[in-house]
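The values are calculated or read from the model by the stated rules, or taken from the named source; none is laboratory data. All figures in this text were calculated on a predicted structure; none of them were measured in a lab. Cβ sites come from the backbone with ideal geometry, for glycine too, and all protein chains shown count toward neighbours.
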Amino acid sequence: MKELPPEKGIRNFSVIETTLEKIREKIREIYDPKKVHYIGVDAYDDGNKMEIRYWFLKKESNVVLLVKAPFDYGEKVPSISDIVKPAFVQEWEIADLFGINIEGRVENFFLTPESPRAPLRRGDKLGK
Amino acid sequence: MASESKNKTREIQIKEKVYTTIPFGSQHVALPEPIKFIFDTENEIVKEIKFDIAYVHRGIEKALTTMFDFRKAPYVVGRVCGICSAAHTIPCAVVMERAIGIDREIPDRAKAIRMIALEINRLQSHFLINGHLAEVCGYENVFMHIWRDREMIMDLADMLFGNRVQYDVVCVGGVNRDIPKDKERVLLDKLNEIEKSVEFMEKIFTKDRTLVSRLKGLGVVSKEMALEYGIVGPMARASGVKTDCRVEDDWGLYKDLGFEMVTMEEGDSLARCLVRVRECYESIRIIREAIKSTEEGEISIKVTANPKYEAVCRNEAPRGELFYYVKGTGGIMPDRVRIRTPTLANIPILPEVMKDVSYNDIPPLLMSFDPCIACTGR
Amino acid sequence: MSIFALSRVKSPWILHYDTGGCNGCDIEILAVLTPRYDVERFGMINRGNPKQADVFLVTGPVTKRCRERLINLYLQVPEPKVVVAVGSCACDGGVFRNMYNVENGVDKVIPVDVYVPGCAARPHQIIDGVVKALEILSKKTKENIELPEYIKERFPSLNDRRKVLEEMRKR
Amino acid sequence: MDFLLPASLLVLSPLIGGLLEGTFRKLNARMQNRVGPPIVQPFYDLFKLLQKRPILINNYHVIMAYAHLVAMVIALATFLLGGDFLLVIFFHGMSLALLSMGAYGVRSSYSQVGATRELLHILAVEPVLIMIAANLYLNTGTFLLSEIFNSNFLFKSMPLAFLALVAVLPAKLKKSPFDVSEAHQEIIGGPEIEYSGPFYAPIYLAKWLEEVLSAGLIAMFFLGNPVITLIAISVTFTFVLAVDNSTARLSYWDMVKYTWEISIPLVLVNLVLNYVGVL
């Protein structure tokens, strides 16, 4: 849970690892619009497990922060768009691209009914 | 009893208020790009907004991890967006270098040429959007004049990098071609002319009464709102937020050349427009300094390894902060590439700002946001 | 040449639609209207209205979401009309070829008359392409109606097709 | 002779109007630093439109386009043949109303918005024309144009009324800053958006006739010497084009406000001055 220092293998940003249950609390703790700039949402799939990632920037020190939480396929992921207001667009985007069940997502926001489902997923494929 | 039922009918009437729906896009003259808005209007005042930004989704993020190796990646991401192509190729190359671990060895001359490419890119983008803004205000004459001057910048790009739109001059490990002395001289001469046309543009956007009356006070974004929605680029700077990735990230030589940030406090469409105009001066100055500060010499280093680390790069595209993340695994293709484009950050605030604006002010308001849908969709 | 045949060539009104390209070609199409290139010399104006257009400039590799819209626009343009695919990605998909959300070129969806390659296509290439298209336009009349393959496949019988066309035209 | 000139003008009006439109486009392009289309370009456009395949939306919509043209022809004929000036204003207003009625007949929301704005055009332009008619009556004692045409250099006694006319010309000819009903970048032509091919041709033609009518209105103030008349027409049109090229589009309320606050008081002042006998 503690902030990892920039080390070999990770360049130009530091990582905060947390869990899916605690991610909202963690973000509420670090996010303050005046001091922290919200960059974006991302997800990652290594074939076995998925990860949700939130990118922030500490304005004073120009340090890019990565808050990440691993979860299983099919697990419901909480939305943070009530804490970080602009997050909803990118949340819906990665929900579509990875087939993640994020709260309040809109179906086919980025994809079209004819497109392949969850194109960026590696393991546990969704059918077309 | 009777009054109660009367009240009820009135309530129902209010609930079922019918709005005139005006679709805007995906094909529209004011927008060369496919984006769709649906405005529910009452007496031409916009009440509700729905937007659809995914017409351009092509799947570039996936293609970068399955179809192209990391050396080709900068050229591919240049095609994310044709207006800010150089702004995309640079952070992609930088982030690959960081993932390999060679980013500190890039020669200064390469950095300077990258900066020149980026600033020329920014100049043409700012000219483009300001001209287009004048056109959607119904001011065709200014559009024609600004675009005539923009051709000078396009010529410069053509001369220096060999193409008008896709420069493809940046590669992993440096740049592809140097700027020889004689071209440097032409570049410096042309910059003087461009500076004059920037002055003309500034005069138009501060003095012309109809244009100013059209843009002033339109779509105000306060500083609090700007911070809350995390907006980026000239839009944020027009609202008084001091943010510019050129000084916040260190891939270039901006800090050494003494970069000055342009900010305004008003936060309306006119301020956004003027921030862009004034940034042009800064861009021209940066190009001059970049040429002066470095000599012809080594422009690239040999790249022997594959990306194996995780790295990020933030770059100031003409529209704002552009964020790249790469996770390399030692293979020829990276494991994950994430592109967070500036318009994606500026989109969430659009519905807020567009509410209760008259429909005839929507095209200028939208254009002052400078949306780039090709970036957004990827 | 009679005044009618001449007027068909001399007054091409443009409709432009971006089907998911990188914007480069779209901006070059806009640049074509401006003083350096000034296509109004040839009577071309950008109407932006499919119902009053003759030359349909299409850019981009046709993403899946744009496809229906592209067919719809194509059907709204009254005959005689020509379609010009501007840019490498409009010709055959270009750099976006075989990406998962892309149809690999305009000609997979609607009939194309002229291809303008280039990434991005330069303004004088675009002008040249449109002038080539005008030669084709001068041979076409309002009688020859070309339907996209997509419509032919999905609605094989003439009756179905008529219904679909009518609905699409009504928007 | 009295009949021959107006009749020939009426017959030639499409030709004159087309050339006028072509000159407008050429001048416009020159002001924007471009070469511009050839002067006969509008004729190419018209003939091309006639050859396109007709796409019928509904009968009502098309009938209104032709009715628009007919009303405009009647207005122009009444004007040239020396009829009642009030009749000219009536038919001119009616032709615009018919256009917007046609535009209301289709589902496209751009067309509907454009129709509403077209009606605002009537609200902006027609009152000024009616006030000018009243002023004419005060000066010449008649609404009959055949008698008004006998007067010499009306500008001398009605300079402010002429200024008011120039002020509404941008709205009448749909030029910037008051091209709100066409508003290419907002509603893509407004009322005419759904017309295509041969059905768009009457509207295109009516536009030329409107330009001829406007030229006639300007000429009305400068009768007597044909050279002065021609100079007045060309100077006024060049001025309107220059304004078109040096302003952005304003909103539709600005248009109505502007014409009511500036043009109508101008005519009123002229009216009072005439009544008092100063001018």
- prompt: Is it fair to say A:Lys35 is among the charged types (D, E, K, R), more than 9 Å from chain B (Cβ to nearest Cβ) and surrounded by fewer than 22 Cβ atoms within 10 Å (Cβ to Cβ)?
  reply: yes
message: Just to be sure I understand, how many residues within segment B:36-68 are at pLDDT 85 or above and away from chain C (no Cβ under 11 Å)?
response: 1
message: If the requirement is being closer than 16 Å to D:Ala219 by Cβ and assigned to a helix (DSSP H, G or I), which of these qualifies: D:Val88, D:Val113, D:Val62?
response: D:Val88
- request: For D:Val227, work out the one condition from (1) in contact with a helix residue (DSSP H, G or I) (Cβ under 9 Å, 6 or more places away or on another chain); (2) part of a helix (DSSP H, G or I); (3) surrounded by fewer than 21 Cβ atoms within 10 Å (Cβ to Cβ) it doesn't fulfil.
  value: (1)
query: Do we have any residue at all in segment B:323-333 that's surrounded by fewer than 22 Cβ atoms within 10 Å (Cβ to Cβ) and away from every other protein chain (no Cβ under 14 Å)?
result: yes
message: For segment A:47-66, give me each residue that is under 8 Å from the mean Cα position of the chain (by Cα) and β-branched (Val, Ile, Thr).
response: A:Ile52
query: A:Gly74: touching a residue at least 40 places away in the same chain (Cβ under 8 Å), out of contact with any Leu (no Cβ under 6 Å at 6 or more places or on another chain), away from every other protein chain (no Cβ under 12 Å) and under 21 Å from A:Arg122 (Cβ atoms), yes or no?
result: yes
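Condition check ((1) under 18 Å from the mean Cα position of the chain (by Cα); (2) over 21 Å from D:Ile233 (Cα atoms); (3) within 12 Å of chain C (Cβ to nearest Cβ); (4) buried (at least 17 other Cβ atoms within 10 Å of the Cβ)) across all residues:
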residue	(1), (2), (3), (4)
D:Leu49	no, yes, yes, yes
D:Val62	no, yes, no, yes
D:Ala67	yes, yes, no, yes
D:Met72	yes, no, no, yes
D:Phe91	yes, yes, no, yes
D:Ala97	yes, yes, no, yes
D:Glu118	yes, yes, no, yes
query: Which residue, of B:Val172, B:Val95, is away from chain C (no Cβ under 12 Å), modelled with pLDDT of 85 or more and out of contact with any strand residue (DSSP E or B) (no Cβ under 8 Å at 6 or more places or on another chain)?
result: B:Val172
- request: Name every residue in segment B:162-182 that is surrounded by 14 or more Cβ atoms within 10 Å (Cβ to Cβ) and either under 21 Å from B:Glu151 (Cβ atoms) or among the polar types (S, T, N, Q) (or both), in order of residue number.
  value: B:Asn163, B:Arg164, B:Val165, B:Gln166, B:Tyr167, B:Asp168, B:Val169, B:Asn176, B:Ile179
field: Test set (1) closer than 20 Å to B:Pro234 by Cβ; (2) of a type outside the set (A, V, I, L, M); (3) touching a residue at least 40 places away in the same chain (Cβ under 8 Å) - B:Asn360 fails condition number
entry: (1)
query: Can you tell which of D:Gly190, D:Gly197 is more than 14 Å from chain B (Cβ to nearest Cβ) and under 30 Å from C:Lys81 (Cα atoms)?
result: D:Gly197
task: Check every one of the helices (runs of 4 or more DSSP H) wholly within segment C:57-162 and list those with 3 or more residues that are more than 14 Å from chain D (Cβ to nearest Cβ) and touching a Gly at 6+ places or on another chain (Cβ under 8 Å).
output: C:88-92
field: Residue list for segment C:29-50, filter: at the interface with another protein chain (Cβ under 7 Å from one of its Cβ atoms) and in contact (Cβ under 8 Å) with a residue 24 or more places away in the chain
entry: C:Ala31, C:Arg36, C:Gly43, C:Asn46, C:Gly48, C:Asn49
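Residue-wise test of (1) assigned to a loop (DSSP other than H, G, I, E, B); (2) more than 22 Å from B:Leu128 (Cα to Cα); (3) touching a residue at least 40 places away in the same chain (Cβ under 8 Å).
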position: B:Glu224; (1), (2), (3): no, yes, no
position: B:Ala236; (1), (2), (3): no, no, yes
position: B:Met261; (1), (2), (3): yes, no, no
position: B:Glu266; (1), (2), (3): yes, yes, yes
position: B:Arg272; (1), (2), (3): no, no, yes
position: B:Val275; (1), (2), (3): no, no, yes
position: B:Glu279; (1), (2), (3): no, no, yes
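In the list D:Lys175, D:Lys207, which residue meets the criterion of being assigned to a loop (DSSP other than H, G, I, E, B) and within 16 Å of the chain's Cα centre (by Cα)?
Every option except D:Lys175 fails the conditions.
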- prompt: Taking segment D:256-279, which residues are aromatic (Phe, Trp, Tyr) and under 19 Å from the mean Cα position of the chain (by Cα)?
  reply: D:Tyr258, D:Trp260
- line: Flagged pairs (Cβ under 7 angstrom, 6 or more apart or on separate chains; first in segment B:310-321, assigned to a strand (DSSP E or B); second at pLDDT below 85 and among the β-branched types (Val, Ile, Thr)) are B:Glu310/A:Ile10; B:Val312/A:Val64
task: Among residues belonging to segment A:10-33 that are outside any helix (DSSP H, G or I) and of a type in the set (A, V, I, L, M), point out the one that is farthest from B:Arg336 (Cα to Cα).
output: A:Leu20
query: Of the numbered conditions (1) in contact with a helix residue (DSSP H, G or I) (Cβ under 8 Å, 6 or more places away or on another chain); (2) of a type in the set (A, V, I, L, M, F, W, C); (3) surrounded by 16 or more Cβ atoms within 10 Å (Cβ to Cβ); (4) assigned to a helix (DSSP H, G or I), B:Met159 satisfies every one except a single condition; which is it?
result: (3)
statement: Of C:Gly48, C:Gly20, the only residue that is in a loop (DSSP other than H, G, I, E, B) and in contact with a Ser or Thr (Cβ under 6 Å, 6 or more places away or on another chain) is C:Gly20
query: Could you say whether any residue in segment B:328-337 is in a helix (DSSP H, G or I), over 18 Å from the mean Cα position of the chain (by Cα) and within 28 Å of B:Asp178 (Cα to Cα)?
result: no
task: Considering each of D:Pro6, D:Pro42, D:Pro14 in turn, give the residue that is under 30 Å from D:Leu81 (Cβ atoms), part of a helix (DSSP H, G or I) and within 13 Å of chain C (Cβ to nearest Cβ).
output: D:Pro42
